[in-house]
Amino acid sequence: MKNTIIRPLLLVLILLSTSLLLLTIAACNGDSNTNGNSDQQPTFFRYNQASGITSLDPAFAKDQANNWAINQLYNGLVQMDNDLQIQPCIAKRWEISDDGLTYTFYLRNDVFFHDHELFKGGKGTKVTAKDVEYSLNRLIDKKVASSGAWLFNDRVAANQPFKALNDSVFQMKLKQAFRPMLGILSMQYCSVVPQKIAEHYGKEFRKHPVGTGPFTLKIWRENEVLVLHKNNNYFETDAQGNKLPYLDGVKVTFMENKRNEYLKFIEDELDLISGLDEKFKDDMLTKEGKLHPNLTDKATLLRSPYLNTEYLGFLTKDNKNKALENKKVRQAINYAFDRVKMMRFLRNNIGIPATSGFVPPGLPSFNKDKVKGYSFNPTKAQQLLKEAGYEGGKGLPEITLETNGSYKDLCTFIQSQLGEIGIKVKMELHPSSFLRSKIAKGDSEFFRASWIGDYPDAETFLTVLHGENPAPPNYTRFNNPKYNEYYEKALAENDNAKRYELYQAMDKILIEEAPIVPLYYDEVLRFVQKDVQGIGVNAFNLLTLKTVKITQ
């Protein structure tokens, strides 16, 4: 869509019209709760989802847009807090067998599905272990074709992996020990759904969601507006025993134009902007990455490590550029550019220079003191080139670095700094889909990539370099016997401290062998209106609104 210049008066009229439309939508079906105070205006949390929502069915919780909405409508057996620690949810407690193969969950007896006309008397029924059994089996049902089926591939027992022992006890059996399983169960894919409703709607369950979450669906006009209302029968309370949620509802708009989103936030018509559009970074942040002085009276900046590592990858096997199969060359490239300078001047310090390996901050096993990666050291880089037989870059074939247009500036910076020590780099720009295809086929010698964690355990990153994995995720074709041995040991290790030591040992191998060039660890940025309280921020950038308050 082309940007157009709108006259100021016309822009104001458009914004006012949109606001009135949303207020009208929110006022319809007057069961929105105002906490018993008729003088208090209903409090609705407002955010924009530029990418759109494709499904409100947890079986298709494949991206952030879907996850944010689904997280308001459903619950799972367990949940993550903002520190990525696993907490009880529908399950009040659980036990894991010594061999790590059997997980037994004991359910709360006060969790009910949202009211729906298909339930007896229109009232939501109590959640039982049978509902959990159905929901997880549904994920691996080929007829459903869930995008989350991979969660349990080769991980759960072949025969009856999910079983209700009685109404309040659910059991899951694994094929082999896999310690990150609790983290997987906290994902929105594993939300509990009612069999009666899901089977009644079939594929249309995507737009008729019924869960147990703090909010219920009121209106969803796809690509226009989504309105959720408070679930007055929600089971969770705060530390003082007050019922959650505090909000009366949630309103989501779907403006694709990020400038309009920015303007609505400035005009107090949105409560949140997540992330930062390149066009507005200098309007919202200083060069040091702090909130711009023009916004300090209006907004609060929340930031957190984000489980996303941006990196460059080498094809370590059958590379047409044989020089890149020499680890000293790969090490030299890692030392040859200044990550700190790159982040300051090209990203306003949004993100953390990747000087601690592949696993990013935010995960419990991350330890920058135990895992020391690469820093800027051109003298060391030159020495490594000499040891590799390419002193001053002489005789070193030109290296082709492939990326997409979004990372052109970063790669140009790296290209320039590598050139200063004699490493010649040619950059090629490709559409993202074409680049992914090339690196999956092994047709790219040196490429930019990123990896976003799926669950709160370092295994979700370290599996990317596991030698037995194909591409994806192992685009580098890295295969190191000691690394593979540590990986298998970690999966079966019950002691967290020992498992973290194995993870750190694996990251040290990656630093030594250098199949990748870690660039930076991304960050979550949230710009929030001053009157919003309790929103928090976490390394998955998962939006949780049940504890949010808006002061009036």
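The values are calculated or read from the model by the stated rules, or taken from the named source; none is laboratory data. All of these numbers come straight from a predicted model, not from anything done at the bench. Backbone-built Cβ (ideal geometry, glycine too); neighbour counts: all protein chains shown.
Structural remarks
- Strands (runs of 3 or more DSSP E) wholly inside the stretch 374-487 that include at least 1 residues being among the charged types (D, E, K, R) and loosely packed, with under 15 Cβ neighbours inside 10 Å: 425-429
- Pairing each residue of the stretch 381-402 that is basic (K, R) with any residue that is not in a helix (DSSP H, G or I), provided the two are 6+ apart or on different chains, yields no C-beta distance under 6 Å.
- Residue count for the stretch 124-138, restricted to those that are crowded, with 20+ Cβ neighbours inside 10 Å and closer than 12 Å to V192 by Cα: 9.
- Selection status of N348, assigned by TED's automatic domain parsing to the domain that holds E402 and modelled with pLDDT of 95 or more: no
- Condition broken by N66, with the remaining ones in (1) closer than 23 Å to K251 by Cα; (2) assigned to a strand (DSSP E or B) satisfied: (2)
- Every residue from the stretch 229-252 that is surrounded by fewer than 21 Cβ atoms within 10 Å (Cβ to Cβ) and either charged (D, E, K, R) or farther than 30 Å from D110 by Cβ (or both): E236, D238, K243
- Breaking point among (1) surrounded by 19 or more Cβ atoms within 10 Å (Cβ to Cβ); (2) closer than 30 Å to Y246 by Cα, for P515: (2)
- Residue selected from the stretch 100-134 under the condition in contact (Cβ under 8 Å) with a residue 60 or more places away in the chain and of a type in the set (S, T, Y), by the criterion nearest to S191 (Cα to Cα): Y134
- If the condition is being within 16 Å of E310 (Cα to Cα) and of a type in the set (A, V, I, L, M), then the stretch 432-469 contributes L435, I439, A449, I452, A458, L462, V464, L465.
- Evaluation of E310 against (1) among the acidic types (D, E); (2) assigned to a loop (DSSP other than H, G, I, E, B); (3) crowded, with 18+ Cβ neighbours inside 10 Å (one fails), failing number: (2)
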